[in-house]
Amino acid sequence: MSPAEQWKNPLRDPLDKRLPRIAGPCSLTIFGVTGDLSRKKLMPAIYDLANRGLLPPGFSLTGFARRDWEDQDFGQVVYEAVKENARTPFKQSVWDRLAEGFRFVSGSFDDDDAFDRLAETVKQLDAERGTGGNHAFYLSVPPSAFETVLKQLARSGLTDQPNGSWRRVVVEKPFGHDLESAKELNRIVNNVFPEESVFRIDHYLGKETVQNILALRFANQLFEPIWNANYVDHVQITMAEDIGLGGRAGYYDGIGAARDVIQNHLLQLLALTAMEEPVSFSPQDLRAEKIKVLSATKPVGPFDKTTARGQYVGGWQGGNLVPGLHEEGGFASDSTTETFAAITLGVETRRWAGVPFYLRTGKRLGRRVTEIAVIFKRAPHLPFDDTMTEELGQNALVIRVQPDEGVTMRFGAKVPGTSMEVRDVTMDFGYGHAFTESSPEAYERLILDVLLGEPSLFPVNEEVELSWKILDPVLEYWASHGKPEPYKAGSWGPPSAEAMLARTGRSWRRP
Ligand code: BG6
């Protein structure tokens with residue numbers, strides 16, 4: 001069929017990737033269902049998927065926690081979470097249908113009886129709601145509880161996959177706190193579930209703008225020829241947050257900014273930015289390229305000059321006076337946990353030799369923004385007087401991951417007038433202007449992919465271990481060399497972060 005004939009054909013090929021994919025019969029059980037993540041992200045995402053018609057008719061959601069709840073109490077908690085945090089409008093008919101599939105199992109992780117009741121619940125779901133023996137288990141629990149829950153799932157037969165049905169496990173970060181512990185965690189998980197049934201969440205990979213990195217690079221002729229050390233001076237990957245850590249000390253103290261987000265989100269952004277073109281977009285081909293580029297990525301030293309870390313103190317942010325880390329409570333008074341981290345990495349391949357990748361992240365910074373900025377070298381020759389180009393910077397391509405999703409290109413243009421003067425201007429693509437569809441939440445995409453068994457957006461054990469291998473030398477250096485430097489809330493981090501780039505004649509962007 002010619003493309004023109006295909007276009008006229010109202011029945012598109014069912015394998016057409018543009019068609020919405022609807023999950024087959026299945027259920028999802030969430031452990032840690034009373035936690036923040038569940039209320040803010042998971043429950044609303046499930047409702048949004050139902051609202052978009054992407055869940056199967058008999059879909060069921062089971063909550064597992066210590067609370068002494070009945071199914072209706074759990075339903076009420078989901079209802080409040082949906083009302084508060086769902087992305088799409090509330091529709092009573094969608095809700096009523098979804099709520100029919102809510103179940104709650106009360107018990108602690110070491111309670112055999114509770115897991116036997118869960119196994120019984122799952123069996124009933126198959127009989128009553130046609131879930132077909134397909135069940136996913138979401139571990140939204142601290143890593144210390146992973147082993148117990150996994151062993152219980154195996155003991156109670158919940159990991160068996162009878163008659164071609166499937167069982168999958170979803171694991172939330174942190175995946176360990178260094179290479180050794182990550183290996184141990186992977187061993188524990190893989191003892192119970194084969195790797196193809198393990199879905200490790202890195203929610204940045206569920207963001208539209210992050211998936212757009214691949215479209216931008218590999219669907220265009222424009223960028224790839226200059227995406228290398230011949231043209232690129234350096235790359236800056238920034239994930240800045242304006243929020244502080246109030247209430248999250250229990251999780252964050254002892255972990256810090258590098259383990260919390262550089263090890264996972266920022267290294268995944270680096271991998272997508274720096275990897276070679278995959279043979280195809282199959283999960284295997286995509287992962288092969290990410291693994292290759294992560295294997296070639298090394299921290300650049302000496303770390304006293306190429307890294308920086310800080311801890312925020314009180315200051316003015318957006319017109320409000322906000323407290324410092326230690327006034328917020330929950331942190332040990334001598335805590336050396338960093339809330340700002342910046343590191344320098346090198347990707348040792350022909351494409352990137354000599355190009356520094358600067359990664360930084362922090363809490364209570366000037367504003368919330370995540371971006372990847374590819375900064376190009378200056379033109380080799382400028383046929384202008386120096387004064388004409390005094391205000392000309394370097395060309396840049398900035399992928400704006402959030403909040404103002406899009407891409408910006410920076411280049412020089414003539415200032416209008418009778419004289420010749422060149423200054424930086426920008427050209428913008430904004431998702432909000434170019435498309436009418438709004439972007440789904442990352443968790444919508446990822447939960448749907450788990451139910452579909454589509455693994456492309458989930459890092460495999462090797463990626464996780466390689467990421468720790470990259471970060472571990474810096475963490476070890478920090479552990480034995482001093483403390484994080486204070487920085488004011490509302491600023492862009494400690495002075496050492498500025499100094500780290502200034503030494504090479506560069507500076508951080510002020511997004
Ligand atoms: C999480 C980190 O993975 O990402 C948090 O643990 C951080 O510390 C969060 O606040 C940021 O996510 P997002 O999607 O708001 O950028």
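The values are calculated or read from the model by the stated rules, or taken from the named source; none is laboratory data. All of these numbers come straight from a predicted model, not from anything done at the bench. Counting neighbours? That spans all protein chains shown, and the Cβs are built from the backbone with ideal geometry, glycine included. Ligands, DNA and RNA are excluded from the accessible area calculation, which covers all protein heavy atoms including side chains. Shrake-Rupley method; radii C 1.70, N 1.55, O 1.52, S 1.80 Å.
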T349 - would you say it is open to solvent by 10 Å² or more (accessible area, probe 1.4 Å), hydroxyl-bearing (S, T, Y), more than 16 Å from the ligand (Cβ to nearest atom) and free of Cβ contacts under 8 Å to residues at least 40 places away in the same chain? no
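So which residues in the stretch 277-323 are among the polar types (S, T, N, Q) and closer than 18 Å to T361 by Cα, if there are any at all?
Within the stretch 277-323, the subset among the polar types (S, T, N, Q) is 280, 282, 284, 295, 297, 306-307, 311, 317, 320.
Matches in the stretch 277-323: T306, T307, Q311, Q317.
Output the residue which, of all residues in the stretch 166-179 that are under 14 Å from V464 (Cα atoms) and either away from the ligand (no atom under 16 Å from the Cβ) or not acidic (D, E) (or both), is surrounded by the most Cβ atoms within 10 Å (Cβ to Cβ). First the steps, then the outcome.
Of all residues in the stretch 166-179, those under 14 Å from V464 (Cα atoms) come to 171-179.
Next cut, either away from the ligand (no atom under 16 Å from the Cβ) or not acidic (D, E) (or both) only: 171, 173-179.
Values: V171: 23, K173: 18, P174: 17, F175: 26, G176: 19, H177: 18, D178: 15, L179: 18.
The selected residue is F175.
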Answer from A215, A154, A182 - the residue that is open to solvent by less than 30 Å² (accessible area, probe 1.4 Å) and part of a helix (DSSP H, G or I): A182
How many residues does the stretch 483-511 hold that are open to solvent by less than 60 Å² (accessible area, probe 1.4 Å) and in a loop (DSSP other than H, G, I, E, B)? 11
Say whether the condition of being at pLDDT 95 or above, more than 26 Å from the chain's Cα centre (by Cα) and either of a type in the set (G, A, S) or assigned to a loop (DSSP other than H, G, I, E, B) (or both) is met by at least one residue in the stretch 29-49. no
Within the stretch 220-230, can one find any residue that is among the hydrophobic types (A, V, I, L, M, F, W, C), within 19 Å of the chain's Cα centre (by Cα), away from the ligand (no atom under 16 Å from the Cβ) and farther than 30 Å from E498 by Cα? no
Can you name the condition, by its number, that P440 falls short on among (1) surrounded by 18 or more Cβ atoms within 10 Å (Cβ to Cβ); (2) assigned to a helix (DSSP H, G or I)? (2)
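Tell me the residue from V293, V261 that is modelled with pLDDT of 95 or more and touching a strand residue (DSSP E or B) at 6+ places or on another chain (Cβ under 6 Å), please.
Working: V293 fails: touching a strand residue (DSSP E or B) at 6+ places or on another chain (Cβ under 6 Å).
Criteria check complete, one pass: V261.
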Quick one: how many residues across the stretch 232-258 are at pLDDT 95 or above and either among the basic types (K, R) or away from the ligand (no atom under 11 Å from the Cβ) (or both)? 8
If only one of A240, A258 is under 19 Å from P174 (Cβ atoms) and of a type in the set (A, V, I, L, M), which one is it? A258
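Name the residue, out of F411, F458, F435, that is surrounded by 13 or more Cβ atoms within 10 Å (Cβ to Cβ) and over 30 Å from R506 (Cβ atoms). Explain how you work it out, then say what you get.
On the way: F411 fails: over 30 Å from R506 (Cβ atoms); F435 fails: surrounded by 13 or more Cβ atoms within 10 Å (Cβ to Cβ).
Answer to the check: F458.
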Filter result (of a type outside the set (F, W, Y) and open to solvent by less than 10 Å² (accessible area, probe 1.4 Å)) within the stretch 218-238: V232, H234, V235, Q236, I237, T238
Could you grab me the full set of residues in the stretch 362-391 that are open to solvent by less than 40 Å² (accessible area, probe 1.4 Å) and assigned to a loop (DSSP other than H, G, I, E, B)? K363, R364, L365, G366
Single residue of the stretch 124-141 satisfying the filter (touching a Pro at 6+ places or on another chain (Cβ under 9 Å) and farther than 13 Å from R167 by Cβ) that is surrounded by the most Cβ atoms within 10 Å (Cβ to Cβ): R129
Cβ-Cβ under 6 Å pairs, at least 6 apart or on other chains, the stretch 426-445 side polar (S, T, N, Q), far side modelled with pLDDT of 90 or more and within 16 Å of the ligand (Cβ to nearest atom): S439/E208
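Out of the stretch 112-123, which residues are touching a residue at least 12 places away in the same chain (Cβ under 8 Å) and open to solvent by 40 Å² or more (accessible area, probe 1.4 Å)? It would help to see each step written out before you state the result.
The initial filter retains those residues of the stretch 112-123 that are touching a residue at least 12 places away in the same chain (Cβ under 8 Å), namely 112, 114-119, 121-122.
Across the stretch 112-123, the qualifying residues are D112, D116, R117.
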Only residues that are within 16 Å of the ligand (Cβ to nearest atom), of a type in the set (V, I, T) and over 13 Å from the mean Cα position of the chain (by Cα): list them for the stretch 184-216, please. I213
Is it true that some residue in the stretch 416-424 is open to solvent by 30 Å² or more (accessible area, probe 1.4 Å) and under 27 Å from the mean Cα position of the chain (by Cα)? no
